[in-house]
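The values are calculated or read from the model by the stated rules, or taken from the named source; none is laboratory data. Quantities reported herein were computed from a predicted structural model and do not represent experimental measurements. Glycine gets a Cβ as well: all are built from the backbone with ideal geometry, and neighbour counts include every protein chain shown. Ligands, DNA and RNA are excluded from the accessible area calculation, which covers all protein heavy atoms including side chains. Shrake-Rupley method; radii C 1.70, N 1.55, O 1.52, S 1.80 Å.
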Amino acid sequence: MYKAIGYAAQSATSPLAPMHFERRAPRADDVVIDILYCGVCHSDIHQARNEWGIAVFPLMPGHEIIGRVSAVGSNAGKYQPGDLVGVGCMVDSCRSCEACRANLEQYCLEGPTMTYTTPDRIDGSYTLGGYSDRIVVSEDFVVRIPDGMDLPSAAPILCAGITTWSPLRHHGVGPGHKVGVLGMGGLGHMGIKLAKALGAEVTLFTRSASKAEEARAQGADHVIVSTDSQQMAAAADRFDFLLDTIPVQHDLNPYLRTLKFNGVHILVGLIEPIEPALDATELVLKRRVVAGSLIGGIAETQEVLDFCAERDIRCDIEMLDIRNINQAYERMIAGDVKYRFVIDMATLQR
């Protein structure tokens, strides 16, 4: 066993605080990773406060992990001590179902083992995430960090990056396509960068006209203020794809009208019931599709890391002292971060 320390919530109403605990001894296919950086995702807040009703306490968040391998199991051969690696949202799956065989472990038919608050498939203990000094993970759920990549800004690519990359690749987004990105938070700003790098013409939909200059700095070709009825009407039948990163309930119908026939509205942020209801006319008369997408598989995650490294695409981040994690949560809720916090694990005090 490995002695470890991290920040965890002991209940849905308690702040995150230091917790000493033990990581398992490495199994044959495991790697032990000393964590250098860990991104802070909005889902960490949902889980720590049990807003989805599935949390198990104590709960240690963190699924955007960058670190260095310090030891490997007896049969592990993909990585060696000293290698820079990453761990994203999953640490295991059944590995044998149709989805897993297609390298889409996030859709594992038995359910993937998430990086935190999910039972381990072997010993049944609940996983604890990356707000800690080390983690032990099967080498098959570890990705390699490309040489020369900026390590702190690479961390959110393991969630915000792959969550936008996977649907863009699945739907074949590329040159000649017009893509609208709804919302410009952690997911949205990466969606803009990746869609643009894939060759698409990119438009940000935002409720705030003040974000226009910022959106263009991120790579957007155009900005539409979604509360402006004239701008929305002028955008009718324009887009091939909409990448919807808005994490709260919102009316999809006005956006559907901006899609061409055969257009696809892709949900990556909303995991609640759609309210208000969809107007089926907007779907049926123009064969439009509302689709969903969940993070990405391990192979896709390596792909997006390599893509970002080759094109020097970075997530915009603010570095965080882990001792300020609770204040950071409040700032995230208030929208006061551009666009992701990343914890410098050197600030974790034993």
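Under 23 Å between C-alpha atoms is the cut-off here; go through the chain and count lysine pairs that meet it, provided they're at least eight residues apart or on different chains.
Going through the chain pair by pair, I get 13.
In debye, nearest 20, what is the charge dipole magnitude of the chain about its Cα centre with +1 on Lys and Arg Cβ and -1 on Asp and Glu Cβ, if you could check?
200 debye
Scan the chain and report its longest stretch carrying no GluC sites (Glu not before Pro) that are both in a DSSP loop and have at most 14 other Cβ atoms within 10 Å.
111-350
With the dipole of the chain worked out from charges on the C-beta (+1 for Lys and Arg, -1 for Asp and Glu) around the Cα centre, which of HIS42, ALA215, PRO273 lies farthest toward the positive end?
ALA215
For region 260-350, with all protein chains present and a 1.4 Å probe, just round the carbon and sulfur fraction of the accessible area to a whole percent.
Of the solvent-accessible surface of region 260-350, carbon and sulfur hold 53 percent.
What are the residues whose amide H is under 5 Å from the amide H of LEU259, where those residues sit 5 or more places off or on another chain and H is modelled from the backbone?
Distant-sequence amide H within range of LEU259: ASP237, ARG238, PHE239.
Give me a comma-separated list of calculated 3J(HN,Hα) values for region 84-92, in order, Karplus coefficients 6.51, -1.76, 1.60 applied at θ = phi - 60°, integers in Hz, x for any Gly or Pro.
Going residue by residue, I get 8, 9, x, 10, x, 7, 10, 10, 5 Hz, with x marking Gly and Pro.
Tell me the label-point distance for the pair CYS94, ALA217, using the 7 Å Cα-to-Cβ offset, in nm and rounded to one decimal.
4.8 nm
Is the C-alpha gyration tensor of the chain telling us rounded, prolate or oblate? Criteria: a/c under 1.5 is rounded; beyond that, a/b larger than b/c is prolate, otherwise oblate.
Cα axes put the chain in the prolate bin.
Taking only protein heavy atoms into account and a 1.4 Å probe, give the accessible area per residue of the chain in Å².
42 Å²
Between ALA200, ALA55, ALA334, find the one with the highest GNM mean-square fluctuation for the chain; connect C-alpha pairs within less than 10 Å.
Highest fluctuation among the options: ALA334.
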